[in-house]
Amino acid sequence: MKVIIVDDSEMIRKYLRNLLSEFPNITLVGEATNTADAELLIETRKPDLVILDLYMPGENGIHLISRLKHKKQTPIIMVLTNYPIEGLRYKSLEDGAQYFFDKSRDIEKVNETIEMLSKKVYLN
């Protein structure tokens, strides 16, 4: 499973890199700190999963989710944010994200979901 991390926090990117390295069938194919770079990476690297923060410098992640849903081949989108506001959750999921997690409360759920997705992709 190919994964791209999109987050402006080096600490979060490092945590996710370490987490992803625990799964032999996951390959980190790119990292971005803003949505413009992320969109280019997604177009060129064709990831199976994008782990996306919502608030970064420049355009926010909601706009990226909206654009990705209109693409021919859309990756699984996992939102990982410090702003678990119900309206943002609703908008993210409505626009095409499959998962929405709070960075401060849902890290264990992130781990479980990545493990589940890695097994699912591996089996398919």
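Results, tabulated for the structure shown:
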read-out: Out of ILE114, ILE65, sole residue that is more than 14 Å from LEU54 (Cβ to Cβ) and surrounded by 18 or more Cβ atoms within 10 Å (Cβ to Cβ); value: ILE114
read-out: Test: residue in the range 26-38 that is of a type in the set (D, E, K, R), modelled with pLDDT of 95 or more and within 17 Å of GLU115 (Cβ to Cβ); value: no
read-out: Residue in the range 1-18 that is among the hydroxyl-bearing types (Ser, Thr, Tyr), in contact with a Leu (Cβ under 8 Å, 6 or more places away or on another chain) and farther than 19 Å from GLU115 by Cβ present; value: no
read-out: Residue match in the range 10-25 (condition: out of contact with any strand residue (DSSP E or B) (no Cβ under 9 Å at 6 or more places or on another chain) and small (Gly, Ala, Ser)); value: no
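Yes/no per residue for (1) assigned to a helix (DSSP H, G or I); (2) touching an Asp or Glu at 6+ places or on another chain (Cβ under 7 Å); (3) over 20 Å from TYR15 (Cα atoms); (4) of a type in the set (D, E, K, R):
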{"residue": "GLU31", "(1), (2), (3), (4)": "no, no, no, yes"}
{"residue": "PRO47", "(1), (2), (3), (4)": "no, no, no, no"}
{"residue": "GLU59", "(1), (2), (3), (4)": "no, no, yes, yes"}
{"residue": "SER66", "(1), (2), (3), (4)": "yes, yes, yes, no"}
{"residue": "LYS71", "(1), (2), (3), (4)": "no, no, yes, yes"}
{"residue": "VAL79", "(1), (2), (3), (4)": "no, no, no, no"}
{"residue": "ARG89", "(1), (2), (3), (4)": "yes, no, yes, yes"}
{"residue": "LEU93", "(1), (2), (3), (4)": "yes, no, yes, no"}
{"residue": "GLU108", "(1), (2), (3), (4)": "yes, no, no, yes"}
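The values are calculated or read from the model by the stated rules, or taken from the named source; none is laboratory data. Just so we're clear, the structure is a prediction, and the values are computed from it rather than from any experiment. Positions of Cβ are generated from backbone atoms using ideal geometry, with glycine treated the same way; all protein chains shown enter the neighbour counts.
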